[in-house]
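Visitor: I am attaching a structure below and will ask some questions about it afterwards.
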Amino acid sequence: MKKQLMTHMVYGYPNADESRKIFDVLDKYSKYIEVQFPFSDPLADWPVIEKANEIALKAGSTTKSAFEFVEDVCKTAKSKVLIMTYYNIAFNYWVEEFVKKAKVIWLSGFIILYIPFYEDDGEKWLKL
């Protein structure tokens, strides 16, 4: 079976242990998996994803634990793993450190929402 799906999950929903189980199922059927880092004000998300973010944060999810999760799953994933998050998270983590950390874990890519136009020169992220 050729994997064609691009799937999405919120890290930490409903908790860290279940996130790993969810990832493992998605990995069987997906070509790409977006792992969303939970955010307290997910403006671009619909109510179901907003609620998943809220539950993940209440369960103790952090940027650090989300990176640890992604680092762990990237070691064995058959799918390409992407981080999906809001610019505020990358900014608070320090953008350069955020990108460098992603390179170390062999992440396949990013989906970063709400990058202010004055922060994106079109090449900055690729050079890091």
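Visitor: Report, ordered by the first and then the second residue, all pairs with beta carbons closer than 6 Å, sequence separation of six or more or different chains, a first member in the range 1-29 that is over 17 Å from F67 (Cβ atoms), and a second member that is open to solvent by 30 Å² or more (accessible area, probe 1.4 Å) and of a type in the set (K, R).
Guide: Once the first residue is over 17 Å from F67 (Cβ atoms) and sits in the range 1-29, its partners that are open to solvent by 30 Å² or more (accessible area, probe 1.4 Å) and of a type in the set (K, R) give K3/K31; Q4/K31; D27/K78.
Visitor: When residues of the range 21-43 are filtered for being within 16 Å of S79 (Cα to Cα) and either assigned to a strand (DSSP E or B) or open to solvent by 70 Å² or more (accessible area, probe 1.4 Å) (or both), how many remain?
Guide: 11
Visitor: Of everything in the range 78-109 that's in a helix (DSSP H, G or I) and either of a type in the set (G, A, S) or touching a Ser or Thr at 6+ places or on another chain (Cβ under 8 Å) (or both), which residue is farthest from Y29 (Cα to Cα)?
Guide: So the residue we want is N92.
Visitor: Sticking with this structure for a sec: Taking only pairs six or more apart or across chains, which ones have beta-carbon atoms under 6 Å, a first residue in the range 44-63 that is open to solvent by 60 Å² or more (accessible area, probe 1.4 Å), and a second residue that is in a helix (DSSP H, G or I) and among the basic types (K, R)?
Guide: none
Visitor: Could you tell me whether K31 is farther than 27 Å from K3 by Cα, among the basic types (K, R) and modelled with pLDDT of 95 or more?
Guide: no
Visitor: Output the residues belonging to the range 1-20 that are farther than 16 Å from K80 by Cβ and either surrounded by fewer than 12 Cβ atoms within 10 Å (Cβ to Cβ) or of a type in the set (A, V, I, L, M) (or both).
Guide: Hits for the range 1-20 are M1, V10, A16, D17.
The values are calculated or read from the model by the stated rules, or taken from the named source; none is laboratory data. What you are looking at is a predicted structure, and each value in this text was computed from that prediction instead of being measured. Virtual Cβ from ideal backbone geometry, glycine too; neighbours counted across all protein chains shown. Only protein heavy atoms, including side chains, enter the accessible area calculation; ligands, DNA and RNA are left aside. Shrake-Rupley method; radii C 1.70, N 1.55, O 1.52, S 1.80 Å.
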